[in-house]
Amino acid sequence: MISFNEAPFTGREFQYMEHALRNKRISGDGEYTKKCSAWLEETAGVSKVLLTTSGTHALEMAALLCHIRPGDEVIMPAYTFVSTANAFALRGAKIIFVDIRPDTMNIDEKLIENAITERTKAIVPVHYAGVSCEMDAIMDIAKRHHLKVVEDAAQAVMSTYKGRMLGSIGDYGCYSFHETKNYSMGEGGALLLDGEEDIRKAEIIREKGTNRSQFFRGMVDKYSWVDMGSSYLPSDLNAAYLWGNLEEADRIQNQRMASWDMYYERLLGLAENGKISLPVVPQDCQHNAHMFYLKARDMEERTRLLEWLKRREILAVFHYVPLHTSLAGKRYGCFCGEDVYTTAESERLLRLPMYYGLREEDIDQVCQAVEKFYA
Ligand SMILES: *Cc1c(COP(=O)(O)O)cnc(C)c1O
C-alpha cells in the first residue's frame, strides 16, 4: 500500500527529544524552541518567530494582533482550510470570500479590491500547495486601503515569492508544523512578525496575557496579567522533534522537489493530450513541493479515479469543501461576486501521495495507475 502522507522523520528526532527529557526541560520556550525560532528567523528574514501549538493558533494570534472586532470584515478565498476563517470568525468578524484563480487555486488578486468596504480590516492570502499568491498586488491594495495582511503560509514553509520567503511579506505570517506538512512537530506552528510593539503584544498574547517573557529577560521585576491572551506555546518536546526536521530542511526540500518533478514529467503527456490538468507555478514563485495534485475532467471522473487508485492500494485524497457552501461558512461569511472557479475547480482536484521518504518506485506505480485509468 502507498500511503498518502507520512510524518517527516530524518533520524535525530528521538535523540533530541530524549535530550529534552533528560534535561527535565519539556515545557514551552526551552532550548529546542529557541533553536527552531532562531533558525526560522534567520531563514525567513523576520525579526521574530514565535512557535505556537498549531498553525490554527498562529492564525488566532494574528487575528488578535489585527484587533479584529465584531462586525469587521476579513477577505480570504473560500478554497482553504477551516482554520483560516475560524481564527477571524472567533473574533466576531464577517468572512468575505472571493473567488480563486484556476491556475494556482489561490485568491484572485484582481477581485480583492471590489470586496473592500469601510468595515474591511484584513486580507488573508492562502499560499495553496506552497505556491505564492500575487503578493505585490495584494500588498499594494492593503497599503492603499490601510488593511492588515495575514499570510496563511501553513503549507508554504521554504517557498519564496520574488526571492522572499513566504510568511515574511505580510504583517503576519502563519506556518503549520502539523504532521501532514513539510516540516513537523506533530501538532504545531509558528507566527512570523516584525516590529517591536507587535512583538511585545504577541509575546503577551502567547503567554496567557502575562508579561512573563519580559520578566525572564529581566525587563520587569514581576510578571502579572497585562492583557487578553491564551496559552499558545508548545512543549519543548515537540520543538525537539521539529529541530530534527529543520536541521535537515534542505534534504527534505530536495527530496520532495525531486518527487514533484518526477510526477510532473511522468504525467505531462496526459496533460498535453487534454486528459488532465497539472499544477501551475508562476515565474516569480519557487514552491516547496508541499503537494502534488492533478485535475480530472469533473467530480464524477475524480471519484472514479480515486476508487481506481484505492483498488490498487494507492491512497489519494481530495479536500476543502469550499467554505461558503459549508454550514458555518454560510453563518459567518458570504461570497462576494460570482463563484466561477472555487467550486468547479475544487471538485476536479485530486492529491497524489507526497511525503519525505516517498520512493521513486512508489511514484512510478502511482503514475502507471493514473496512465492506465486514462488509457
Ligand atoms: C494545515 C493548515 C492550517 C492549520 O494548521 P494546523 O497546524 O493543522 O492547525 C491552516 N491553513 C492551511 C491552509 C493549512 O493547510
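Read the figures in this text as sums done on the coordinates, not as results from a lab. Bear in mind the structure is a predicted one, so any value in this text is a computation, not a measurement. So basically every Cβ, Gly included, is an ideal-geometry build from the backbone, and we count neighbours across all protein chains shown.
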> If packing is taken as the mean number of other Cβ atoms within 10 Å per residue, what is the order of 361-371, 236-246, highest first?
Replying inline: 236-246, 361-371
> In what sequence, highest mean first, do 113-120, 75-82 appear when ranked by Cβ atoms within 10 angstrom?
Replying inline: 75-82, 113-120
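What translational diffusion coefficient, in µm²/s and rounded to a whole number, does the Stokes-Einstein relation yield for region 1-118 at 37 °C and a viscosity of 0.692 mPa s, taking the hydrodynamic radius as the Kirkwood radius over Cα pairs?
Rounded, D is 185 µm²/s.
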>> Need one number: nm distance between label points at K208 and A375, each 7 Å from Cα along Cα→Cβ, rounded to one decimal.
In response: 6.3 nm
>> So for the chain, considering every pair of alpha-carbon atoms, how many percent are separated by more than 35 Å?
In response: 26 percent
> Under 24 Å from the Cα of K295, which lysines turn up, not counting those fewer than eight places away in the same chain?
Replying inline: K110, K181, K275, K310, K372
> At S47 and D284, where each label point lies 7 Å from the Cα along Cα→Cβ, what is the point-to-point distance in nanometres?
Replying inline: 2.5 nm
> What percent does the relative contact order of the chain come to when contacts are Cα pairs within less than 8 Å and at least six residues apart?
Replying inline: 24 percent
> In degrees, nearest 10, range 0 to 90: what is the angle between the Cα axis of helix 299-311 and the longest Cα principal axis of the chain?
Replying inline: 90 degrees
>> Which order do the peptides 50-58, 15-23, 200-208 come out in when sorted by mean C-beta neighbours inside 10 angstrom, highest first?
In response: 50-58, 200-208, 15-23
